[in-house]
1. Looking only at segment 1-28, filter to residues that are in a helix (DSSP H, G or I) and among the polar types (S, T, N, Q); which one of those is modelled with the lowest pLDDT?
2. ALA85 is checked against (1) part of a loop (DSSP other than H, G, I, E, B); (2) surrounded by fewer than 16 Cβ atoms within 10 Å (Cβ to Cβ); (3) at pLDDT below 85 and fails just one. What number does that condition carry?
3. Six or more apart or on different chains, Cβ under 6 Å: which pairs go from a residue in segment 37-64 that's surrounded by 14 or more Cβ atoms within 10 Å (Cβ to Cβ) and at pLDDT below 85 to one that's in a strand (DSSP E or B) and among the aromatic types (Phe, Trp, Tyr)? Could you list them?
4. Please go through segment 45-69 and pick out each residue that is in contact with a helix residue (DSSP H, G or I) (Cβ under 9 Å, 6 or more places away or on another chain) and farther than 21 Å from GLU11 by Cβ.
5. Is it the case, given these coordinates, that GLU32 is assigned to a loop (DSSP other than H, G, I, E, B) and modelled with pLDDT of 80 or more?
6. How many residues are under 13 Å from the mean Cα position of the chain (by Cα) and either within 19 Å of ILE72 (Cβ to Cβ) or loosely packed, with under 12 Cβ neighbours inside 10 Å (or both) if we restrict to segment 1-17?
7. Would you check if ASP100 is at pLDDT below 85 and either in a helix (DSSP H, G or I) or not polar (S, T, N, Q) (or both)?
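The values are calculated or read from the model by the stated rules, or taken from the named source; none is laboratory data. Everything numeric here is computed off the predicted structure, so don't read it as measured data. No Cβ is skipped: glycine too gets one built from the backbone with ideal geometry, and neighbour counts run over all protein chains shown.
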Amino acid sequence: MSQNRNRLLIERFYHELWNRFDKTIFPDILAEDLRFRGSLGQTKRGLAEFGDYVDFIQRAFPDFSNEIEEIISEGDKRSLSSLIAALIAVRFLGSRPRGDTFSTQARPSFNSGAI
């Protein structure tokens, strides 16, 4: 898979899926057997479980947004750092609603042209 294709998949994953909560793009960018570990430590397998996780995040952080700061892609390895900004809208993991911004790193892997 080309470096450019990897970059486009990553950008769609963050800009379309997470920033818009657009689950209609799942078949375009995600592998059926997706394995996902979110920033909150939850692990999901497959598109249905991942879709439930996306809904969970949208309920907790309705204004959730990602800004990709850097993508590093070499060979079959990728890493990125992104800035997440979100206002916690509901009581969440013991926290009262508040606005937080934090950075995170992700290491997406690719299988047959999908994340």
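1. GLN3
2. (1)
3. Close Cβ pairs (under 6 Å, with a partner that is in a strand (DSSP E or B) and among the aromatic types (Phe, Trp, Tyr)) amount to ALA60/PHE92.
4. If the condition is that a residue be in contact with a helix residue (DSSP H, G or I) (Cβ under 9 Å, 6 or more places away or on another chain) and farther than 21 Å from GLU11 by Cβ, then ASP55 is the only one that fits.
5. On the way: assigned to a loop (DSSP other than H, G, I, E, B): yes; modelled with pLDDT of 80 or more: yes.
Considered against the rule, which asks whether it is assigned to a loop (DSSP other than H, G, I, E, B) and modelled with pLDDT of 80 or more, GLU32 comes out as yes.
6. 7
7. Working: at pLDDT below 85: yes; either in a helix (DSSP H, G or I) or not polar (S, T, N, Q) (or both): yes.
Against the criterion (at pLDDT below 85 and either in a helix (DSSP H, G or I) or not polar (S, T, N, Q) (or both)), ASP100 qualifies.
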